[in-house]
Amino acid sequence: MKKLQSGTELNSDSRQAAPVADDDLRGAGLTGDYGADVVLRDSPVQLTERLVLRLPHEEDIDALAVLADNVNVARMLARLPYPYSRDHAVDYIKLAASGAIGQFAYAITLADTGEFIGSITLHDHKYGSGYEIGYWLGEPFWGKGYATEATTALIDLSFRELSLEQIYISAQSRNEGSKRVIEKCGFRHTGSAVGHSAVDGDVPVECYIMTRQQWLEMRGAGQ
């Protein structure tokens, strides 16, 4: 099993498997050379059946601070500050506005109410070439299918707008729900590694990839 110092840990829509992913709060009071190679890019609003994905803004700060200050979320992320303060949330919003979070950075919000429920990004694969997806959802919004919906939208946008040949993602091995979501989105399993949890230390993870050809075939089949 190879060592993955900080893999993107996409987790599921289930209560037993927290829907959170590594690196999507990077820079929010964290250490490391984040965003150094990221090209400033607009994050066009994305609409799904139940969600609106948009750039995070100041009105999200209070909800972000409350939802992220949760050990059940933090344990599934490698670098989430815990406890998570309002100052961390303010820093995150500023970084997202500057383009320093990733190629695409979104607040995940409910279409019918506008409520902030989490975030999702496409950012540099920090321990390899290419790009990876990372996201998290607040615990009250687990188990509702929002992770799959948001991730599918970001996959489609990324392949449409960028000259990518593949996108990476990974899930903690213990997170069966997460792995089901990743597979439902169409990713292919490539092997196992060791990632990191901000709460639990080193943890085993499963690694996945989606190629442009896979994506085109899925879209052509109407999936």
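Would you confirm whether any residue within region 136-158 is among the acidic types (Asp, Glu), closer than 22 Å to MET218 by Cα and within 13 Å of the chain's Cα centre (by Cα)? Within region 136-158, one or more residues are among the acidic types (Asp, Glu), closer than 22 Å to MET218 by Cα and within 13 Å of the chain's Cα centre (by Cα). The set of residues from region 148-170 being at pLDDT below 95, of a type in the set (Gly, Ala, Ser) and buried (at least 17 other Cβ atoms within 10 Å of the Cβ) comprises just one member, SER170.
Report the residue count in region 70-93 for those that are of a type outside the set (A, V, I, L, M, F, W, C), part of a helix (DSSP H, G or I), surrounded by fewer than 17 Cβ atoms within 10 Å (Cβ to Cβ) and modelled with pLDDT of 95 or more.
2
Filtered by the rule that a residue be more than 14 Å from ILE155 (Cα to Cα), aliphatic (A, V, I, L, M) and either surrounded by 24 or more Cβ atoms within 10 Å (Cβ to Cβ) or in contact with a strand residue (DSSP E or B) (Cβ under 8 Å, 6 or more places away or on another chain) (or both), region 96-128 gives ALA96, ILE101, ALA107, ILE108, LEU110, ALA111, ILE117.
Scanning region 108-135 for residues that are of a type in the set (S, T, N, Q) and over 14 Å from LEU51 (Cα atoms), which turns out farthest from the chain's Cα centre (by Cα)?
SER129
In region 188-198, what residues are crowded, with 18+ Cβ neighbours inside 10 Å and either in contact with a Ser or Thr (Cβ under 9 Å, 6 or more places away or on another chain) or of a type in the set (Ser, Thr, Tyr) (or both)?
ALA193, GLY195, HIS196, SER197
The values are calculated or read from the model by the stated rules, or taken from the named source; none is laboratory data. Just so you know, these numbers come straight off a predicted model, no measurement behind them. All Cβ positions, glycine included, derive from the backbone under ideal geometry; neighbour counts span all protein chains shown.
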